[in-house]
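Here is the structure we will look at.
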Amino acid sequence: MSPISAAITGVGTYVPPDVLTNKDLEQMVETNDEWIQSRTGIKQRHILKDPTKATSDMGAEAVKQLLTKTNTDPSEVECIICGTVTGDMVFPDTANQIALKTGCTNSFGFDVNAACSGFLYSYNVGSALIESGRFKKIIVVGGDKMSSIIDYTDRATCIIFGDGAGAVMLEANEEGLGIIDSVLKSDGSGIDYLKMPGGGSLNPATAETVANKMHFAQQEGRTVFKRAVSGMTQTTKEVLERNNLTADDIKWVVPHQANRRIIESVAHMLDFPMEKVMMNIANYGNTTSGTIPLCLGDYESQLKKGDLVILTAFGGGFTWGSTLLKWAY
Ligand code: UT7
């Protein structure tokens, strides 16, 4: 293992001010607050309503907060990696817009498209760049403006998703703080169960793709639910076993926030008491790449230097995995 690891030295978050409640959704589709809360745990989600703003604007707000909290001059940041499926445009990358909007002018950057595993994958890529010894300070952003790809007449998807972003600072460290081990997976056969089929090179935008609602996220919820539970459970088990750890050794589990019942099932199968499991889905819904950094932000004051933490996510692709890390502050 490299003597250099990538410690998380700060977290910044941003959610837009407008809120879409379950009661609001009752006026839009045939659903009700009781169904949504009991089936998903979601009470409300934040929505970026300003039509002139995009994912990079939320990412930039999270990064600005992060720079202030960590007392970092933007010129010191060497790279920005942004996990997102709702980049401002197909190209150029959203990470570059975040760099521009935050004054990180010495930074290169790129996006990672791994759906709900976007932050987890980006964090692993950023850490590997630091472990290589070539970089000392990298920002990893996870953020999505899911409202831009949601069909608000489809009750199977519109009740779940929300908008938001979070960012972490990664810094070179020689005390073993940061990622200890990861198990990351993908399986392209999952494409039929969770996707947005329009707008790419397979189905470029036409009047027909718009009429067929191909520019909206489509999900076969039951299959994704089952695969999410088994996927996150297996990779977490694997990462624990190969590091000779048990659930007792872990201080915090930070699961992707897609459905409270998924989170509870994973925790149950792994013997993690819910007090150790970060959960804020009630307030934000599923913000795709935003969920894990938003959790880290909300629980930041409870984390302590040296805590062993598991991050785990599952999303479209399918993509999934678990990362074991040592918290740095
Ligand atoms: O973040 C990326 C990964 N995504 C996920 O992990 C999401 C995984 N899936 C889920 O979270 C759940 O499958 C959903 C929340 C999407 C759906 O919950 P479910 O318990 O799997 O419901 P279901 O699709 O099995 O539907 C059960 C019933 C159906 O009615 P019938 O056929 O039993 O009469 C649906 O038509 O609930 C109905 N239904 C609704 N009823 C009220 C579906 N959506 C709604 C709704 N309001 N919004």
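Read-outs: derived from the displayed coordinates by stated rules, not from any lab. Computed from a predicted model, the values in this text were never measured in an experiment. Cβ atoms come from the backbone with ideal geometry, glycine included; neighbour counts cover every protein chain shown.
Considering helices alone, the calculated mean residue ellipticity of the chain at 222 nm is -9000 deg cm²/dmol, with DSSP H runs of length four and up weighted by -39500 (n - 2.57) and normalised per residue. Each label point was placed 7 Å from the Cα along the Cα-to-Cβ direction; for N244 and S75 their separation is 4.8 nm. For the chain, what is the percent of antiparallel DSSP beta bridges, rounded to the nearest 5? So the antiparallel bridges in the chain amount to around 70 percent.
Could you pull out which residues in the stretch 189-207 have an amide N less than 17 Å from a spot 7 Å beyond the Cα of V90, following the Cα-Cβ vector? Zone members listed by number: 196-207. A Förster radius of 56 Å, combined with the Cβ-Cβ distance separating E174 from T223, puts the computed FRET efficiency at roughly 0.80.
For the stretch 1-58, a crude dipole built from +1 on the beta carbon of Lys and Arg and -1 on the beta carbon of Asp and Glu, taken about the Cα centre, is about 220 debye to the nearest 20.
As a calculated quantity, the FRET efficiency between K101 and D271 at R0 = 56 Å, using C-beta atoms, amounts to about 0.80. Between E30 and K304, the distance separating the two model label sites (each 7 Å from Cα on the Cα→Cβ line) works out to 5.3 nm. Among P293, P197, P16, the largest mean-square fluctuation in a Gaussian network model of the chain, built with springs joining Cα atoms closer than 10 Å, belongs to P197.
Stretching the chain fully between S38 and S230 yields a gain of 67.0 nm (0.36 nm per residue, less the alpha carbon separation).
Computed over neighbours whose Cβ is under 10 Å from that of T40, the net charge equals +4, Lys and Arg +1, Asp and Glu -1. The charge dipole of the chain, taken about the Cα centre with unit charges on the Cβ atoms of Lys, Arg (+1) and Asp, Glu (-1), comes to about 180 debye, rounded to the nearest 20.
Under a GNM of the chain (C-alpha, springs under 10 Å), which listed residue has the highest mean-square fluctuation: E241, E131, E78? Sorting by GNM fluctuation, first place goes to E241.
For the stretch 5-176, the Cβ-based charge dipole about the Cα centre amounts to some 140 debye (Lys, Arg positive; Asp, Glu negative; other atoms uncharged). Structure remark: mean-square fluctuation, Gaussian network model of the chain, C-alpha springs under 10 Å; the largest value among M269, M146, M278 belongs to M269.
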